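For reference, the structure discussed in these notes is given below.
The values are calculated or read from the model by the stated rules, or taken from the named source; none is laboratory data. Keep in mind the model is a prediction, meaning the values are calculated, not measured. All Cβ positions, glycine included, derive from the backbone under ideal geometry; neighbour counts span all protein chains shown.
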Amino acid sequence: MNNCIVLVSKKLKLLLIFLIACTSALFVFQYTHNSSNFKETLVPTTKANTDNNADDSNFNILKFWNQEIVRVNNTQLNVKLLNIEKVKYENPSTKKEFEFSYQELEFQSLNYFGSERATITLHGYLLFPEDIREKNPGCLFMHGLGNNAESFKEYTYPLLEDGFVVLCYSHPGHGKSEGEEPKPENFFYDGNYNEEAHCYLTLCGAIQGLRLLESHDCVDNNKIIVSGSSYGGLNTMWLASICGNRIAGAIPFIAIGDLETTLEDPTKLMFWLWGENAEEVEADDDFWDNQNLRFDPIYYLRSHQLPPILWIIGTNDEFFNYHSISGTLEAVQNKKEAFLRIIPDGHHEFPGFDESTFYFIDYIINGGSSPPKTTLNYQKRINSIFGEHLKIEIEVESDDEIKSVQVCYKYVDIVGSCWNIMDIKKSGKDFWSATINPSLITSKIDYYIIVNIKGDKEIWFTSENLPSRELRSNFTVIAYIFLIALISIPAIWLLGRRFAKIENKLEGVNKTEAKKKLLIELALIFASEFTFFVSLTLPQIVFEESGMIWNSLYVFKNVFTWKSQFGIISPFLTSIFFIIWIIAFYLSLTKPISSSLLKLIYPVLIIFMITLFFGPMNDPSTIFGNFGKVNMGIGVYLMVLSSFLIMVISIWKRRYQNRLGIVTRKRKALWFRKKESRMVG
C-alpha cells in the first residue's frame, strides 16, 4: 500500500512539473512575442528635425535643391547613342503581340562636389512603342538597389504598349554606369550630403534623366510621369518634389517615407542598408539632425510643386514599416492628389503596372476619372459577450461607380496571422459601415479600406492605414487553458503508459533501474525540448554588418504569410508548424527518432531560405555584398543540436529497454533470425 502511495506521489510530482513547464513555456513565448516590437521605446519624441543642433534642425532640403538644381542643369548631357535593338513582346493576358525598339545610350551626370571628375557617365535605354506618334507621353523609370537598366527595362513593356516613350537607366555604381557603388558608408555617412551621400548622386542622375527625356522630339513634355521601384521609388519621390512643375504624376512602388517610424520594427532592412541596428540609429543624434533631413522623403513631399502621386506598397514590406504610410501621406500638402494602393500581405517585390496603375495614369495624362478617396467618419468600440468589437463608418468619394468597399484588417498579436478582407455594407449615399469582431485572444488590430471600381477590369485603391486599436476578447484565458490542456493531457497519458508498462512487466531490481532510466530519459527529453523552444526566440538569420537579426517570430509573422511564395497555405503555415512541433513533442516520449526528423523540417527550411533568398547578398562581387554577409543565427544551430540530441536519446533508450526487458525485438527481426538458423541447420 505504501509503495503504491509513493508511486502515485511520484507521478503527481512529474505531472505537476510537466504542467508548470508547459505553462511557463507558453507565457515565456507570449512575453517574447510582445516584447519583440520596440513600439515607442525607440521612437524619438520629436520628428527628425530635433533641436540638438539649431543650425541643422532648420535645414530645408527643398531650399537646398532650389539652388543645387542650377548646378545640375548646367551639366551638359552629352548623350552618346549606341546600339538600336528590337524586342517582341506578348501581353500575357490578351496574348496580343508587339514589337518595341530601344536605343542604348549614355549620358553625363553630376559627380560628388569637389571630386576630381566633375561628371560620371550613366548607361541606359530609351524605349519606344510600336506606333510612335509625333508626340508621346514619357516615363522616367528607375530601378531598385542592386538592379540595373538591362534587367529592369522589361518591366516597362506595359507602358510601351500604352504608347509611352520610356527612359530606363542604371543608377550610379550600378550596371554599366559609373560612380560610387552604394554601401553603408554612403548611406549612413559622416560628411556632407553632396560629397558623400549616394542618394545625392542618384537624384542628380534622375534630374539628368528627366532632362534627357524632355529633350527628345517625340516626347510630350506636358505628359511625363516618373516611377521607380524600391530605391527607384525613393528617387521618384525626391525628384517629383523638386521638379514637380515639370512632371504630370509620380508612381513610387514599394517605397515610402517617415523613416523614424521604422524604429518601431528593428527587423526592417533599412537598418541593413545603414549598417546600424535600431538602437544605434536611434541614439545617433547626427543622423536625425543631418542625414535624415536629406534622405527621408517626408521632407521633400512638403513641396507645393508635388504632382499627383500614387504609392503602391505591401503591408509586409521588408524595408518599410506599414505604419509609416500615414506619416508619409501626412507630409503631402495637397492630399486630394495623393493616392494609395496597399497590397495585403505584400512584400518588397515589384508588382508591375496593372489596370489600377493605368487608371491613375489615365487620370493624370488624359484627364480621366480620379481614383476614389476615403474618409474615416468614426470608429468606436462596442461590447458583447465575446469581447470588444470595432464599429467603423467610411465615406467614399468616387468619380466612377463603386463595385464594393472592403475593410482589410489583421490581428497583430496573433502570431502568423494574415490580412483578412471583409465586405462593408452600404449605410448611405456615400457611406459604408462595418464591424470588426475580436479574435480568440485579445489583440491589437491594424486595418485600412479597399475601394473596388465597378467594371470588367480589376481596379482598386485604398485608404491610408487607419488608427490601430486593441480589441479585448473574453475568451483569452479560456484559449490559453485549452492550449495548455491540449499539450498536457496527451503527454500525461503517454507518461502514464510508460510508467504502467514498467510496473506491469518488470519486478525487483530491473523495475527500480527502469524507473531511474525513464526519469533520466525524461529529463534529457525535456532539456532537449526546452533547448528547441528557446531557440525559437534566438536569432535565426543574422545580418553581419548591422547586427540586425530575424528570429522565428519574424519568420512566422512575415515570411510564412508570404502568399506569392506559399500560396493558399500561407495563412495556415505557422499553425501547421506548431501542430508539427506538438506532435513531435508527443513522439519524443514514445518514438524519439520520428520526433527528431520532424523537428529538422524547420531549420532545413531556414537554411534553404538563406541560400535561396540571401545567396546574392553573400556574393562579394555584387552590390549587395557591400552590405555584409547574411548568416545563420545560433537559433538554427540549437534546433539542429536539439534534434540530434533526441536521436541520441532514442538510441540509448532502445538499448536500456532491450537490456531490461521492457521491450522485445520486433517479430519481423525474430522471424529473420529463425529463418537464418534453419538455413544454417
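Observations, loosely collected:
- Screening Leu203 against (1) more than 21 Å from Asn74 (Cβ to Cβ); (2) part of a helix (DSSP H, G or I); (3) at pLDDT 95 or above leaves a single unmet condition, (1).
- Among the residues listed as Gly209, Gly232, Gly228, the single one being part of a helix (DSSP H, G or I) and either without any contact (Cβ under 8 Å) to a residue 60 or more places away in the chain or closer than 18 Å to Phe350 by Cβ (or both): Gly232
- Cβ-Cβ distances below 8 Å connect the following pairs, each with a first residue in the stretch 501-526 that is assigned by TED's automatic domain parsing to the domain that holds Val663 and more than 30 Å from Trp581 (Cα to Cα), a second residue that is modelled with pLDDT under 90 and among the β-branched types (Val, Ile, Thr), and a separation of six or more residues or different chains: Lys505/Ile662; Leu506/Ile662; Lys511/Ile502.
- The number of residues in the stretch 266-312 that are over 27 Å from Val630 (Cβ atoms) and assigned to a loop (DSSP other than H, G, I, E, B) comes to 9.
- Within the stretch 493-523, if we keep just the residues that are exposed (fewer than 13 other Cβ atoms within 10 Å of the Cβ) and among the small types (Gly, Ala, Ser), the residue that is farthest from Phe585 (Cα to Cα) turns out to be Gly508.
- Ser427 vs. criteria of a type in the set (S, T, N, Q), over 30 Å from Val219 (Cβ atoms) and exposed (fewer than 14 other Cβ atoms within 10 Å of the Cβ): yes
- Checking Ser241, Ser230 one by one, the residue that is within 24 Å of the chain's Cα centre (by Cα) and not acidic (Asp, Glu) is Ser230 and no other.
- Ser650 vs. criteria under 30 Å from Leu495 (Cβ atoms), out of contact with any Pro (no Cβ under 7 Å at 6 or more places or on another chain), assigned by TED's automatic domain parsing to the domain that holds Leu483 and not in a loop (DSSP other than H, G, I, E, B): no
- Within the stretch 79-122, the set of residues being in contact with a helix residue (DSSP H, G or I) (Cβ under 7 Å, 6 or more places away or on another chain) and either more than 23 Å from Ser177 (Cα to Cα) or loosely packed, with under 13 Cβ neighbours inside 10 Å (or both) comprises Tyr89, Asn91, Phe98, Phe100, Gly114.
- Failed item, numbered, when Phe624 is tested on (1) touching a Gly at 6+ places or on another chain (Cβ under 7 Å); (2) under 14 Å from Ser528 (Cα atoms): (2)
- One residue alone among Tyr193, Tyr169 is over 25 Å from the mean Cα position of the chain (by Cα) and within 21 Å of Phe624 (Cα to Cα), and that residue is Tyr169.
- Listed by first and then second residue, the pairs linking a residue in the stretch 239-250 that is in the same structural domain as Cys139 (by TED's automatic domain parsing) to a residue that is charged (D, E, K, R) and surrounded by fewer than 23 Cβ atoms within 10 Å (Cβ to Cβ), with Cβ atoms under 8 Å apart and 6 or more places separating them unless they lie on different chains, are Ser241/Arg302; Arg246/Glu214; Ala248/Lys223.
- Annotation for the stretch 254-265: no member residue is under 19 Å from Phe187 (Cβ atoms), of a type in the set (Ser, Thr, Tyr) and not in a helix (DSSP H, G or I).
- If you go through the stretch 584-623 and pick out every residue that is outside any helix (DSSP H, G or I) and small (Gly, Ala, Ser), you end up with 2.
- The number of residues in the stretch 274-288 being buried (at least 22 other Cβ atoms within 10 Å of the Cβ) and under 22 Å from His347 (Cβ atoms) comes to 2.
- Scanning the stretch 540-562 for residues that are among the β-branched types (Val, Ile, Thr) and under 10 Å from Val630 (Cβ atoms) yields Ile541, Val542.
- Scanning the stretch 370-404 for residues that are among the polar types (S, T, N, Q) and either touching a strand residue (DSSP E or B) at 6+ places or on another chain (Cβ under 8 Å) or surrounded by 18 or more Cβ atoms within 10 Å (Cβ to Cβ) (or both) yields Ser370, Thr374, Thr375, Asn377, Gln379, Asn383, Ser398, Ser404.
- Subset tally (residues that are of a type in the set (Ser, Thr, Tyr), in a loop (DSSP other than H, G, I, E, B) and surrounded by 22 or more Cβ atoms within 10 Å (Cβ to Cβ)) for the stretch 313-346: 1
- The stretch 213-225: number of residues that are assigned to a helix (DSSP H, G or I) and either more than 35 Å from the chain's Cα centre (by Cα) or without any contact (Cβ under 8 Å) to a residue 40 or more places away in the chain (or both): 2
- Condition met for Pro490 (surrounded by 14 or more Cβ atoms within 10 Å (Cβ to Cβ) and farther than 25 Å from Ser326 by Cβ): yes
- Scanning the stretch 160-182 for any residue that is of a type in the set (Phe, Trp, Tyr), assigned to a strand (DSSP E or B) and outside the structural domain of Pro616 (by TED's automatic domain parsing) turns up at least one such residue.
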